[in-house]
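Take a look at the structure set out below.
The values are calculated or read from the model by the stated rules, or taken from the named source; none is laboratory data. Computed from a predicted model, the values in this text were never measured in an experiment. Neighbour counts are summed over all protein chains in view; Cβ atoms, including those assigned to glycine, are modelled from backbone coordinates with ideal geometry. Just so you know, the surface numbers come from the protein's heavy atoms only, side chains and all, with ligands and any DNA or RNA stripped out. Shrake-Rupley method; radii C 1.70, N 1.55, O 1.52, S 1.80 Å.
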Amino acid sequence: MIWGTLISRKKYGIIDYMIAVIVAIGCTIFTTSGNIASSRGSPNSSLVGLVLMAGYLGFDGFTSTFQEKLFGSYEMSMYNQMMYVNLCSGLMSLVMLLISGKFVQTLQFASKYPKIVGDATTLSFSAVSGQFAISYTIKNYGALVYATIMTVRQLLSVITSNILFGHNITMLQWISTVAVFGALLFRSWYNKK
């Protein structure tokens, strides 16, 4: 919503802001009220992880909002946008390989293990399938709906991981989960009124 206001000059109602605050606080409480320390990381790896997650969320929010703006401003197709994004990503990867001096090492690795080409192709098809779903959602429903879907997906992923790997979920984490899903369900109900 912050990016939508800054980039697209969108206006949101008080209910939207209240729900966003509840979801943000709920996700923050869920993430920080349990044991988030890595068993293999350094003592300050949790702080580094939280900073990286905040950066990820900020850039992810910017990207989907900017994509929505591009769809509206230039009447661009999903396929054109995906092509340009992937071309830019490929060029950035190539530049980083060249700057870091790892380009030759990467080619040597690929020639030593040619099976990686098939694995990378499979991974690329999987990524493109995800991009289709993301682009379709943003183009047809907007960045805010996409952000809501991703928030729910990430929260469910963390809960599932905690259950599968036997991590204890604290009472505060369960309360924050109920708050997040409750706020999102309320939003769905409120928008249908």
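Annotations for the structure displayed:
- Extreme residue, positive dipole direction of the chain, given options Gln105, Ile7, Val85 (C-beta unit charges): Ile7
- Counting only whole DSSP H helices of the chain, the ones at least 24 Å long by C-alpha along their axis and with mean Kyte-Doolittle hydropathy no lower than -0.5 are 14-32, 45-74, 78-100, 115-141, 143-164, 171-192.
- Trypsin sites (Lys or Arg not before Pro) within the stretch 1-88, DSSP loop, no more than 10 other Cβ atoms inside 10 Å: Arg9, Lys11, Arg40
- For the chain, excluding the exposed loop sites themselves (chymotrypsin sites (Phe, Trp or Tyr not before Pro), DSSP loop, at most 16 other Cβ atoms within 10 Å), the longest remaining stretch covers 13-164.
- Solvent-accessible surface of the stretch 67-138, taken per residue with a 1.4 Å probe and all protein chains present: 75 Å².
- Dimensions (Å) - the chain, Cα atoms, principal axes, largest first: 56, 48, 26
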